[in-house]
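The values are calculated or read from the model by the stated rules, or taken from the named source; none is laboratory data. Quantities reported herein were computed from a predicted structural model and do not represent experimental measurements. So basically every Cβ, Gly included, is an ideal-geometry build from the backbone, and we count neighbours across all protein chains shown. Only protein heavy atoms, including side chains, enter the accessible area calculation; ligands, DNA and RNA are left aside. Shrake-Rupley method; radii C 1.70, N 1.55, O 1.52, S 1.80 Å.
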Amino acid sequence: MRDQRLIAGIGRAWANEILHAARLSPYALSTDLTDEEIDRLAAAIDSELERGLELRERGASNERTYRVHNRLGEPCYVCGTPLARVDYEEHTVYYCSRCQTGGRVLKDRRLSRLLK
Ligand SMILES: [Zn+2]
């Protein structure tokens, strides 16, 4: 719960970007993160929000700003794997199955619990 608050209020699109940059599963926030994962998440929040602010100041569109969000099937900017999407409660989450979930395709929340 403590870790979920780290990205509360940032917004779903940026949460997608941040989790990707941190190489964390979209479901990582509902589990206990290790210290190393928390460090990665904190670093990703800093770097992604800084990148976002810079792009906004230059007037970049959402399409240019987001590298993961709303890019189903487009190649991951890190590894080239087509990005995947999963519905998670009321959210739609975009992620790279190679960078973030060790090759696992997420089906829904219950299945991801089984796979954990
Ligand atoms: Zn990737």
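Miscellaneous remarks
- Set of region 15-52 residues, backbone N closer than 18 Å to the point 7 Å along the Cα-Cβ line of ARG104: 19-20, 22-34, 37-38
- Spin-label pair ARG58-ASP87: with each label point 7 Å from Cα along the Cα-Cβ axis, the two points sit 3.7 nm from one another.
- Seen from CYS96, the other residues with C-beta closer than 14 Å to its C-beta sum to a net charge of +4, counting Lys and Arg as +1 and Asp and Glu as -1.
- Comparing GLY102, TYR27, LEU41 along the charge dipole axis of region 20-116, the residue lying farthest to the positive side is GLY102, per the Cβ-charge model.
- Protein-only accessible surface order, largest first, of ARG56, ARG51 at 1.4 Å: ARG56, ARG51
- Neighbourhood charge, 14 Å Cβ-Cβ cut-off, centred on GLY80 and excluding it, Lys, Arg +1 and Asp, Glu -1: +2
- Summing Lys and Arg as +1 and Asp and Glu as -1 over all other residues whose Cβ lies under 10 Å from the Cβ of GLU48 gives a net charge of -1.
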